[in-house]
Amino acid sequence: MAGNRNLNTAAKAKKDKFYTQLEDIENELRWYREFFIGKTILCNCDDPFESNFFKYFAAKFNDLELKKLITTSYADSPIAGLEINLFPDNKTAYMTEVTELRDWTGDGRESIYDVEYAIKHGIYKTQPLIGDMNYCAGDFRSKECIELLKQADVVVTNPPFSVFREFVALMIKHNKKFIILGNKNALTYKEIFPLIMQNKIWTGFTPWAGGMWFISDHEDYYDEIRDGVLMKNVASIWFTNFDISKFREEIALYKKYSPEEYPRYDNYDAIEVSKTAEIPCDYFGVMGVPITFLDKYDPRQFEIIGMAKRGAGDPALKTKVYTSNDYPNYSDLNAGPVLIKDGQPKNTYPRILIRRRKQ
């Protein structure tokens, strides 16, 4: 991941430095094959022999018919310069550029070992990164990394969760297509949710259930040890701005609406639907659904109105704002949708406000 001074501190404090498993990359990226043909791919939070993103594209360079693969490592990579032994300082960040894949090892096949051989023998362009006054070498926000970004057609990586907002903003600014991993909570960020609502960003194909398992480099922050490797389960999902809506399927609706089963919020003009599978088939008003609805969202079937949540939500959607004159916990009540239970207002979870499209 990137090597900004502040980011390094944040990564240690928030423990957001995790490495994506190759099988998870393969399971998601197999759906995007058509988008990679003839393109320059940039992995700008990755060390070549630490990142499975780089390994995936390098090993499949010919199969995917890539034009070029660029990766940038970061200054504090624990193996930077060690495995390929390019620079005497193992803290050096560097850029590697793959433009072709051949059987340089002579073993009769083209593989990641040929990529390693090509790097070690200077076949590929590889050079140190120096950073600038604001960012350390290898940080995706540094001037030299942004120049590499300008060359790319598609960016694929796992950016640090602590700077996810900045990463997406940079991709949007430079009009780059991307497929990236992020924390599920990023859907509710005020910088991210409007892009979801405007159908400018989609969630990926990998199902959300169960989270994702990452390789952790934190000896005090893991859930399991598999074959000596520290593993951490994180509530992560894929994000992309490729229009993959054509691959979606409409949600099969079967339940009938009743006021008793679908109560109305006290502070939003919408009904509560606690499970996506229980969206009523005969209701066309505004509904509040869980954030997990976005895993099944088809814009041909539904319209996103907004979010019932403080920060990312639109205040104009509220029909009531609580004050201290009403309830002692008025601030908590203003954080999201409220239901009346036994005569008392109760918070519920943040909700996506949607409406059925009439067929």
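The values are calculated or read from the model by the stated rules, or taken from the named source; none is laboratory data. What you are looking at is a predicted structure, and each value in this text was computed from that prediction instead of being measured. Ideal geometry is used to build each Cβ from the backbone, glycine not excepted, and the neighbour counts take in all protein chains shown. The area values use the complete protein model at the heavy-atom level, side chains included, leaving out ligands, DNA and RNA. Shrake-Rupley method; radii C 1.70, N 1.55, O 1.52, S 1.80 Å.
In the range 251-261, how many are out of contact with any Lys or Arg (no Cβ under 7 Å at 6 or more places or on another chain) and either under 30 Å from Lys200 (Cβ atoms) or at pLDDT below 90 (or both)? So the count comes out to 2. Only one entry of Phe302, Phe214, Phe242 meets the criterion of being at negative phi and touching a Ser or Thr at 6+ places or on another chain (Cβ under 8 Å), and that entry is Phe214. Note on the range 105-147: residues that are assigned to a helix (DSSP H, G or I), of a type in the set (A, V, I, L, M, F, W, C) and open to solvent by 20 Å² or more (accessible area, probe 1.4 Å) total 2.
The single condition among (1) assigned to a loop (DSSP other than H, G, I, E, B); (2) free of Cβ contacts under 8 Å to residues at least 12 places away in the same chain that Ile225 does not meet is (1).
The numbered conditions (1) in contact (Cβ under 8 Å) with a residue 60 or more places away in the chain; (2) open to solvent by less than 40 Å² (accessible area, probe 1.4 Å); (3) part of a helix (DSSP H, G or I) are all true for Asn27 except (2).
I'd like to verify a number: residues in the range 298-315 that are closer than 17 Å to Tyr283 by Cβ and open to solvent by 20 Å² or more (accessible area, probe 1.4 Å), how many? Of the residues in the range 298-315, 2 are closer than 17 Å to Tyr283 by Cβ and open to solvent by 20 Å² or more (accessible area, probe 1.4 Å).
With respect to the stated conditions, Phe140 fails to be within 22 Å of Glu28 (Cα to Cα) and at pLDDT below 95.
From the residues in the range 329-343 that are open to solvent by 30 Å² or more (accessible area, probe 1.4 Å) and either within 16 Å of Glu272 (Cβ to Cβ) or touching a strand residue (DSSP E or B) at 6+ places or on another chain (Cβ under 9 Å) (or both), which one is modelled with the lowest pLDDT? The residue in question is Asn329. Take the residues of the range 220-247 that are surrounded by fewer than 16 Cβ atoms within 10 Å (Cβ to Cβ) and closer than 29 Å to Phe284 by Cα: which is modelled with the lowest pLDDT? Among those residues, the one meeting the criterion is Lys246. Does the range 318-327 include one or more residues that are touching a residue at least 40 places away in the same chain (Cβ under 8 Å) and of a type in the set (Gly, Ala, Ser)? No - not one qualifying residue is present in the range 318-327. Within the range 41-62, the residues that satisfy the criterion of being in a loop (DSSP other than H, G, I, E, B) and touching a helix residue (DSSP H, G or I) at 6+ places or on another chain (Cβ under 9 Å) are Asn44, Cys45, Asp46, Asp47, Pro48, Phe49, Lys60, Phe61. Look at (1) touching a Pro at 6+ places or on another chain (Cβ under 6 Å); (2) in a strand (DSSP E or B) and you find that Gly336 fails only one, number (2). Scanning the range 52-67 turns up at least one residue that is within 23 Å of Asp217 (Cβ to Cβ) and either modelled with pLDDT under 80 or open to solvent by 60 Å² or more (accessible area, probe 1.4 Å) (or both). Can you tell me which residue is surrounded by the fewest Cβ atoms within 10 Å (Cβ to Cβ) among those in the range 148-165 that are within 20 Å of the chain's Cα centre (by Cα) and assigned to a helix (DSSP H, G or I)? Here the answer is Arg165.
Could you please tell me which pairs satisfy a Cβ distance under 8 Å, a separation of 6+ or placement on different chains, a first residue in the range 253-268 that is in a strand (DSSP E or B), and a second residue that is open to solvent by 40 Å² or more (accessible area, probe 1.4 Å)? Listed by first residue and then by second, the contacts come to Tyr268/Leu317; Tyr268/Lys318; Tyr268/Thr319.
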